[in-house]
Each structure stands twice: as C-alpha cells, then as structure tokens.
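Visitor: Have a look at this one before I ask anything.
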Ligand SMILES: *Cc1c(COP(=O)(O)O)cnc(C)c1O
C-alpha cells in the first residue's frame, strides 16, 4: 500500500473516469436517473449516497483502516449519528475531560432519551471497571483530551472494552489518521470534527465517522441515511482539498507547537504547560507508543488569572477565537468558551480553571508567533504592575 502522505495527496485524483479530472468534481445533484426498473447506477438519492461525498467517505475509511466512512454536516452531527446507535436504558463511559459540545449532547439531549453517561479518566482501568454497569454499551474516548491533553492507552482500554462487549468510540479530531489510527489499536468507531485539522483552513464545517466490522458499518449506514445530517457536495470537495496537505500541515503544527511550548515552559509568568510532546508530560510514553507525532494544540496556565484579559487583548498575529486545527493560530479561553457548558465542579476537578488558555498553533513562522506571545505577556505584566502601584 502507498504511504499515507501519498494517499492523502491523491484523494479522489484517479476516480473520475470520464474526463480524468485530477480534482474530483462536485456533483451538485440530489437525484440520479435509473437505467431501468430494478437497476441503479449505485446512486439513487443524495442523502443515501452522493458521488463527491462517497470519494471522501472511502478515503477516510481507508486512512483510518476501517471498513466504512460517513461524512456528516459537522462533528456534532457525526457524534449524534453515532450516539443514535444506542438505545433507551444504555449506559456510556466517557472521557472526563471532554469536548464541551459532546458533554452537552450527552447531558442535555441523549439523557432525555434514556441514554446515561459516567465520566471517568479513561486511562484508569480500575476507574473504568468501577464505572461499568450491566447496561454499559459504549466507551467514548478522546486522546489527547481537550484542553488538558490527557492521554489514554488505546490498545489497553479498547481491549478491555472488547472483552466486555462494549463498543469503543474514539474522537480522533486532535491527531487525525496521519498521526494516530485508533482502529488499528482496537477501536470500533472513530469520529472526527473534520472542521479542525482534516479541513485545516478554518473554512468548512464537517464531521466524519469510520466504522470497523460489517454489523457496525451496516448499522451506521442505516443511521446516517435515516438521520440525514450528511455533508453536502461542495463541503465534501472543500474538505478533500484540505486533506491533501494534511501531512505537511501536521508536521509544521507540531514543530511550531513544540517550539512555543518550550518557550512558555521557561517563561516567568507561566505556571504549567500541558503538551504531550514534552517529556515532562505524564502521557509522554503512551503518546509516543501509539502515535507517530503530536497535535498542534496545547494548553498553558498563567500564574495570575488577571493576566488573561490583557493577554487576549494584546495578541495580534494570534487570533482570540474558538476552534482549532487550522493554518491560522487561534487562542481560546476554555473556561468561558468551549467548556462553558461543563459544570464548574467538573471543570475544577479536571483543572479547566480561570488561568488556563488553549493555543491552537498555526503554520505561521514560529519566530513571529513567539514574538507575538512574548509581547502580549510583557504588556499584560506591565498593565498588572501599573494597577498594583
Ligand atoms: C470541535 C470538536 C467537536 C465538534 O465538532 P464540530 O465540527 O464543531 O461540530 C467534537 N470533538 C472535538 C474533539 C472537537 O474539537
């Protein structure tokens, strides 16, 4: 098989037999003519199957070493479609440090349909064991978690789940199949907010699902078509266009993030840096074992919460904005933005407090990013000192 860099660059490039177009076309059609009664071209109605989307779906299934891929209108749409696999009375075990939107979907919506969830550190087998109930049907893992970058040993935990007959679902948004392939480590389902690194340009909202095995793949195809939160042809094309450069982007994201994390580690105003590429990170060894590199986001804590507001005001190249994974650098304040829906007690338990910032490092030159950050930090410090005079 070709190496992943080649497969990424060539997504859709040899699939258009009529003209040989190297960029697979956007098939802006919802209905497809049947050759005759009882016959189909393979496409009938675009919610079920659509040509441009299919190229994307086949590509992500292959990149993640799964059997089937499904493109959805957002990461949340992908998660909702996956959660619809479960039924009233089912129980899920879920990563404690979880994407806020996933928490909201489980607690505010799925709970109304009788699907309950327990939040644990998914890297702790004893904790998993004690969270397990007779009706536990699913395990939902983020690794690294966002924003605290906690690492779960996927092989260990997915093997545990398999023995118990629990379906393991990994949100692979932060690493992408270029760096980590959970299905190869034993996961049953992978989900992505493709809005992030896969799209990579902060310009397309999309979600992806990959399933392993016939039963799950058929069920997911049924749910995907029945729920209908599918990705349109234009956005499918735009996502593939972004994915072609994934390998290059991820490498630059990691280089930049590592340089900036090291800069912050030494900075007198910073108390903590959470990045699994740092040897001091508790998940460093597992991360190295199960992935071929690191994501481009990390979090850090300033020593004094009063620095946050001026830092966010003084960054210029780095945008103060939600989201992550694009070529442009973005900084977020999780406690009031992405994680606002998570109750204060849980946020405090995991350490998402008012001193934490999350940095999605883009592909700009690292010197410019460090200069921007250094300037914002010193201006913030000057303001704080002015205040206390
Ligand atoms: C952004 C994100 C989601 C939600 O995806 P959308 O595309 O915004 O709907 C889910 N999981 C993780 C880890 C994310 O970062």
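Coordinate-derived values only; no laboratory data. Remember, it's a predicted structure, so these values are computed and weren't measured experimentally. Every residue, glycine as well, gets a Cβ built from its backbone with ideal geometry; the counts of neighbours run over all protein chains shown.
Visitor: How would you rank 74-80, 211-217, highest first, on the average number of other Cβ atoms within 10 Å across their residues?
Guide: Values: 74-80: 22.9, 211-217: 17.9.
Averaged packing, sorted descending, gives the order 74-80, 211-217.
Visitor: For segment 333-385 and segment 44-72, what is the centre-to-centre distance using only Cα atoms, to the nearest Å?
Guide: Between the Cα centre of segment 333-385 and that of segment 44-72, the gap is 36 Å.
Visitor: What spacing in nm lies between the two simple spin-label points modelled at residue 113 and residue 306, each 7 Å away from Cα in the Cβ direction?
Guide: Between residue 113 and residue 306, the simple spin-label model gives 4.9 nm.
Visitor: Normalising by the residue count of segment 322-389, find the relative contact order in percent from Cα pairs under 8 Å and 6+ residues apart. Mind showing how you got there, number by number?
Guide: Details: 56 pairs, mean separation 24.8, N = 68.
Dividing the mean separation by the residue count of segment 322-389 yields 36 percent.
Visitor: Let me ask something else. Rounded to two decimals, what is the ratio between the C-alpha radius of gyration of segment 246-388 and 2.2 N^0.38 Å?
Guide: On the way: Rg = 14.9 Å, N = 143, 2.2 N^0.38 = 14.5 Å.
Here the answer is 1.03, to two decimals.
Visitor: Once all Cα-Cα distances of segment 1-102 are split into 5 Å bins that start at 0, what whole-number percent is in each one?
Guide: Pairs per bin, as whole percents: 2, 9, 14, 18, 17, 14, 12, 7, 4, 2, 0.
Visitor: Continuing with this model, one more query. Pairs of alpha-carbon atoms within less than 8 angstrom and 6+ residues apart define the contacts here; what relative contact order does segment 246-388 have, in percent? Don't jump to the answer; show the numbers that get you there.
Guide: On the way: 212 pairs, mean separation 40.3, N = 143.
Relative contact order of segment 246-388: 28 percent.
Visitor: Let me check the size of segment 286-344 from its C-alpha atoms; what are the radius of gyration and Dmax in Å?
Guide: Computed over the Cα atoms of segment 286-344, radius of gyration and Dmax are 14.0, 39 Å.
Visitor: Shifting gears a bit: From the alpha carbon gyration tensor of the chain, can you work out the equivalent ellipsoid semi-axes (sqrt of 5 times each eigenvalue) and give them in Å, largest to smallest? Mind showing how you got there, number by number?
Guide: Working: eigenvalues 263, 133, 67 Å².
Computed over the chain, the values are 36, 26, 18 Å.
Visitor: Roughly how many Å is it from the Cα centre of segment 191-226 to that of segment 255-304, as a whole number?
Guide: For segment 191-226 versus segment 255-304, the Cα centre distance is 29 Å.
Visitor: Sticking with this one: Using only helices, what value at 222 nm comes out for the chain when you add -39,500 (n - 2.57) per DSSP H run of length 4 or more and divide by the total residues, to the nearest 500 deg cm²/dmol?
Guide: Numbers: 14 runs with 144 residues, N = 389.
Estimated from H runs of four or more residues: -11000 deg cm²/dmol.
Visitor: Please rank 158, 72, fewest neighbouring Cβ atoms within 10 Å first, as an exposure proxy.
Guide: Working: 158 23, 72 28.
Ascending Cβ contact count within 10 Å gives the list 158, 72.
Visitor: Please arrange 237, 160 by counting, for each residue, the other beta carbons lying within 10 Å of its beta carbon, fewest first. The partial results should precede the final answer.
Guide: Numbers: 237 23, 160 19.
Lowest count first: 160, 237.
Visitor: Next up: Would you list the P(r) distribution for segment 86-245, with all Cα-Cα distances sorted into 5 Å bins from 0 and each bin expressed as a whole %?
Guide: Percent of pairs per bin, in order: 2, 9, 17, 21, 22, 16, 9, 4, 1, 0.
Visitor: Report the rotationally averaged projected area of segment 216-276 based on its alpha-carbon convex hull, in square nanometres.
Guide: Numbers: hull surface 30.1 nm².
Averaged projected area of segment 216-276's Cα convex hull equals 7.5 nm².
Visitor: For the chain, what is the relative contact order in percent, using Cα pairs closer than 8 Å and at least 6 residues apart in sequence? If you can, show how the numbers build up before the last one.
Guide: Numbers: 769 pairs, mean separation 67.4, N = 389.
Once divided by the residue count of the chain, the mean separation gives 17 percent.
Visitor: What three numbers, in Å, describe the spread of the alpha carbons of segment 317-373 along their principal axes, ordered from the longest?
Guide: Principal extents (largest minus smallest coordinate, Cα): 38, 18, 14 Å.
Visitor: Report the FRET efficiency, 1/(1 + (r/R0)^6), for residue 368 and residue 33, where r is their Cβ-Cβ distance and R0 is 56 Å, rounded to 0.05.
Guide: Numbers: r = 54 Å, r/R0 = 0.96.
Step by step, r from the Cβ atoms, then E = 0.55.
Visitor: Please arrange 291, 6, 193 by counting, for each residue, the other beta carbons lying within 10 Å of its beta carbon, fewest first.
Guide: On the way: 291 24, 6 10, 193 29.
Ascending Cβ contact count within 10 Å gives the list 6, 291, 193.
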